[in-house]
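All of the numbers you see were taken from the coordinates with simple rules; none came from a lab. Being a predicted model, the structure only gives us computed values, none of them experimental. Positions of Cβ are backbone-derived with ideal geometry, glycine not excepted, and every protein chain shown enters the neighbour counts.
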Amino acid sequence: MRVEVKLPFLSEEIEYCRVLRWLVSPGETVEIDQDLAELAMGEEIFLFPSPVDGRIVEILAPEGAMVVTDEPLLVIEEQPDGEER
């Protein structure tokens, strides 16, 4: 199943962030909690983890893009339980 990964709600004061750098590329497999990207909120930089195991299908927000809460960042084809990679 394809999962559209969105920028989560972070706090009342934070409505958007900037994609600094992607740490993955389309076609790569990822594990849950694996870092996918570096995001910036003002001066603060944080790593954005994968919510699921799977394969990166498409990156929707290019590096340098400003992304608002609940906006899609990328699409992951979720790894079904028990399926080998």
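Of all residues in the range 1-36, which are of a type in the set (A, V, I, L, M, F, W, C), in contact (Cβ under 8 Å) with a residue 40 or more places away in the chain, within 19 Å of Asp70 (Cα to Cα) and surrounded by 13 or more Cβ atoms within 10 Å (Cβ to Cβ)? Residues satisfying the conditions are Val3, Val5, Leu7, Leu10, Ile14, Cys17, Val19, Leu20, Trp22. Taking Glu63, is it without any contact (Cβ under 8 Å) to a residue 40 or more places away in the chain and either of a type in the set (Phe, Trp, Tyr) or exposed (fewer than 14 other Cβ atoms within 10 Å of the Cβ) (or both)? When the stated conditions are applied, Glu63 does not pass them.
Please determine, by comparing only the residues of the range 37-58 that are more than 17 Å from Gln79 (Cβ to Cβ) and under 10 Å from the mean Cα position of the chain (by Cα), which one is surrounded by the fewest Cβ atoms within 10 Å (Cβ to Cβ). Break it down into steps so the answer makes sense when it comes.
Taking the range 37-58 and keeping what is more than 17 Å from Gln79 (Cβ to Cβ), we get 37-48.
Checking the rest, the ones that are also under 10 Å from the mean Cα position of the chain (by Cα) come to 37-39, 47-48.
Details: Ala37: 23, Glu38: 16, Leu39: 21, Leu47: 11, Phe48: 20.
Here the answer is Leu47.
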